[in-house]
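Notes for the one structure printed next.
Bear in mind that the values in this text are calculations on the coordinates, not laboratory data. The shown structure was predicted, so the numbers you read here are calculated from the model rather than taken from an experiment. Heads up, the Cβs are rebuilt from the backbone with ideal geometry, glycines too, and the neighbour counts pull from every protein chain shown.
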Protein chains: 2
Amino acid sequence: MASSRSRLFFLSSIISSLYLYMFVAGDSDSANTLSLDAIRDSLIRQEDTIVFCLIERAKFPINSVIYDQQSSSVGVPGFDGSLLHYIVKESEILNAKVGRYASPEENPFFPDGLPPQLFPPHNYPSVLHPAGASININKDIWDFYTKQLLPLFTTAGDDGNYANTAQCDLQCLQALSRRIHYGKFVAEVKFRDSPEEYSSAIHAQDGDTLMKLLTFKNVEEMVKRRVEKKAMVFGQEVTLNNVGDSGKYKIDPSVVSRLYDEWVMPLTKLVQVEYLLRRLD
Amino acid sequence: MASSRSRLFFLSSIISSLYLYMFVAGDSDSANTLSLDAIRDSLIRQEDTIVFCLIERAKFPINSVIYDQQSSSVGVPGFDGSLLHYIVKESEILNAKVGRYASPEENPFFPDGLPPQLFPPHNYPSVLHPAGASININKDIWDFYTKQLLPLFTTAGDDGNYANTAQCDLQCLQALSRRIHYGKFVAEVKFRDSPEEYSSAIHAQDGDTLMKLLTFKNVEEMVKRRVEKKAMVFGQEVTLNNVGDSGKYKIDPSVVSRLYDEWVMPLTKLVQVEYLLRRLD
């Protein structure tokens, strides 16, 4: 067990800190080849996207009326929900028509009743177990984003820029959803590397043991420090005269660290556990 | 004339390099108060947004089929245009419904036949001359972006991620459009500061003279260097170990400088000239 844990830790270190390049192939089918360096690049790159999105959202005050399900000032006739709900739902209808959700990396927030794609879908390589498609925790992401995260990095107030604000929210929600559901790919590559490690817990449907197997505190601390540093670098005011860090940032870097600590990493592990529990179906 | 040019240069320096805070009020109506520091902050802040958008678009290869008006693989039944055209047009229909174009800072790419807003519009302060609303050079922006700029900062290839790619294009187009049409506000504040400077050229409908009055080469050089630096800072790969500039960037910083030199600044001045020509209507 100790050596298996060491191997697991080693694998997680690769995925998260990642100085190594390698390929993991589950079988001889090239469409099933899962590239660990692609996962590595994507996870790290998605951190940048999330920080950019938060910085852009922070241009606007909280504009709370967007999230109010009973608002009289921005109510959409015939629609029962908040303005953000309306905008995300309508955007997802357009996105479904043009093939966004054909990608296994994308999960809609309001999947019910989405229209079919208007042209033949792209042939994405099928690397995930088919049961993975049913995992969608966007409701949790919506809730923590709108109720807990937003007040941490936006100012109080209302500037009337609701359409632009909601578009920034949509970008943030999509970026967070993509990052968190990327846990499906992380879990798949971990399972392929050492199926024996997970199989007994999967057969026993023991989510707690799987969660322990997937938790590496020192790796998580490193990720938190890295995203905080990214918030400092990308959120600084760049002038021709300044050299380096002025200590003034467009969003509080500690909020990004907290975002990863309290929501992104725990929910990614939740996705991983959910995925592994169905991996042998 | 020389002292007027000096004053103009001084004003432009404030607007572009901008170390001074002040307010310019055209009249006693507070709704007509045009804040120069708001313009200053917005122009500089919009540089960050544009750089973020380009970095995000560069995640995907060029995916040329999106821009092909005759594509058979991603054609939308019943729609005569490229996939990007379809996505931008449909997004603008949704945006019109939720009030984006009630803002004087926003201009749609396909304004014909947009639906009315679904709830009462926000009461934006009316700072621009009414004739400014009719100035829309998005066709020029669309053309340089899709035909000239994209090949400069994206890699060759096709990864099938058309919906995500087009969403990034939409973000870039909107950010560039907002920045370039911000010339209306720049022109208004310049006119209010010294109406006598511009009036004779306006009465003579002499666009060439207005363009000369609005051109300050050394200010433009400074803006080009600043946006290039922003591309370096925001486009670097941030790790826990690196200290500063590795020389590797997600987009070529010189492309951002060129974007401002060849398109953003000339087209902003074109908007300013168009605005001033109608300022005394």
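Could you check the stretch B:107-190 for helices (runs of 4 or more DSSP H) lying wholly inside it with 1 or more residues that are within 14 Å of another protein chain (Cβ to nearest Cβ)? Write out each step before concluding.
On the way: elements: B:138-143, B:150-153, B:162-181.
Where helices (runs of 4 or more DSSP H) fall fully within the stretch B:107-190 and carry at least 1 residues being within 14 Å of another protein chain (Cβ to nearest Cβ), they are B:162-181.
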field: Residue count for the stretch B:90-125, restricted to those that are surrounded by 16 or more Cβ atoms within 10 Å (Cβ to Cβ), over 25 Å from residue B:38 (Cα atoms) and of a type in the set (D, E, K, R)
entry: 3
- prompt: Which of (1) within 11 Å of the chain's Cα centre (by Cα); (2) of a type outside the set (Ser, Thr, Tyr); (3) more than 14 Å from residue A:54 (Cα to Cα) does residue A:157 not meet, given it meets every other one?
  reply: (1)
- prompt: In this structure, is residue A:199 surrounded by fewer than 20 Cβ atoms within 10 Å (Cβ to Cβ), in contact (Cβ under 8 Å) with a residue 12 or more places away in the chain and in a helix (DSSP H, G or I)?
  reply: yes
- prompt: What residue, among those in the stretch B:75-102 that are under 21 Å from residue B:140 (Cα atoms) and assigned to a loop (DSSP other than H, G, I, E, B), is farthest from the chain's Cα centre (by Cα)?
  reply: B:80
field: Verdict on residue B:94 being within 21 Å of residue B:161 (Cα to Cα), of a type in the set (A, V, I, L, M) and within 14 Å of another protein chain (Cβ to nearest Cβ)
entry: no
Among the residues listed as B:45, B:100, the single one being under 19 Å from residue A:165 (Cβ atoms), at the interface with chain A (Cβ under 10 Å from one of its Cβ atoms), in contact with a Lys or Arg (Cβ under 8 Å, 6 or more places away or on another chain) and not hydrophobic (A, V, I, L, M, F, W, C): B:45
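In this structure, does residue A:51 turn out to be in a helix (DSSP H, G or I) and either within 9 Å of another protein chain (Cβ to nearest Cβ) or surrounded by 17 or more Cβ atoms within 10 Å (Cβ to Cβ) (or both)? It would help to see each step written out before you state the result.
On the way: in a helix (DSSP H, G or I): yes; either within 9 Å of another protein chain (Cβ to nearest Cβ) or surrounded by 17 or more Cβ atoms within 10 Å (Cβ to Cβ) (or both): yes.
When the stated conditions are applied, residue A:51 passes them.
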message: If I filter the stretch A:219-227 for residues that are in contact with an Asp or Glu (Cβ under 6 Å, 6 or more places away or on another chain), in contact (Cβ under 8 Å) with a residue 12 or more places away in the chain and within 23 Å of residue A:46 (Cα to Cα), do I get at least one hit?
response: yes
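How do the helices (runs of 4 or more DSSP H) wholly within the stretch B:216-281 filter down when requiring 3 or more residues that are of a type outside the set (Asp, Glu) and within 14 Å of chain A (Cβ to nearest Cβ): which remain?
Numbers: elements: B:217-234, B:253-259, B:265-277.
Answer list for the stretch B:216-281: B:217-234, B:253-259.
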